[in-house]
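Novice: First the structure, which I've put down as structure tokens, then a few questions once you've had a look.
The values are calculated or read from the model by the stated rules, or taken from the named source; none is laboratory data. Just so we're clear, the structure is a prediction, and the values are computed from it rather than from any experiment. Heads up, the Cβs are rebuilt from the backbone with ideal geometry, glycines too, and the neighbour counts pull from every protein chain shown. With ligands, DNA and RNA removed, areas are computed over all heavy atoms of the protein, side chains included. Shrake-Rupley method; radii C 1.70, N 1.55, O 1.52, S 1.80 Å.
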Amino acid sequence: QVQLVESGGGLVQPGGSLRLSCAASRLTFSAYNMGWFRQAPGKEREFVAVIRWSGGTTYNTDSVKGRFTISRDNTKSTVYLHLNSLKPEDTAVYYCAAGTRNLFTATEGFDYWGQGTQVTVSS
């Protein structure tokens, strides 16, 4: 079945950077919008960023604009999330997701999910 495997999370100090990766298998990667969501303890899962299947269009939630960048490499079936200028409020489990619907800033727009990777921003 389809697998999405995230990696790259960890503990980082405020102001630091991380690069998250999500490797996909058993799906036609280039046909899918790829998104990143996050979920902090006691909160709902929220949209972070998405890159359309063509790679030409990306969207970020307001709280991460100018700090996070999403990219994809269709030759490697991998989507990345570059996290810069990290803040303690960015602490969460980060999930990647794959979907084909034109509802790509909501969880309902995605069919497949990874298991998540923990990002902790703390001094």
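Novice: How high is the relative contact order of region 1-65, given as a whole-number percent (alpha carbon pairs under 8 Å, six or more residues apart)?
Specialist: 23
Novice: Now for a different question. For a Förster distance of 25 Å, can you work out the FRET efficiency between the beta-carbons of Ser17 and Thr107, rounded to the nearest 0.05?
Specialist: For R0 = 25 Å, the calculated efficiency reads 0.40.
Novice: Under 18 Å Cα to Cα from Lys65, which aspartates and glutamates show up? Leave out anything in the same chain fewer than 8 places away.
Specialist: Filter leaves Glu46, Glu89, Asp90.
Novice: Continuing with this model, one more query. Over region 48-123, with the other protein chains present, what is the accessible area per residue in square angstrom, probe 1.4 angstrom?
Specialist: Averaged over the residues of region 48-123, the accessible area is 48 Å².
Novice: Averaging over all projection directions, find the projected area of the Cα convex hull of the chain and quote it in nm² with one decimal place.
Specialist: About 6.9 nm², averaged over all directions.
Novice: Express the carbon and sulfur contribution to the solvent-accessible surface of the chain as a percent, rounded to the nearest whole number, probe 1.4 angstrom.
Specialist: Its accessible area is 45 percent carbon and sulfur atoms.
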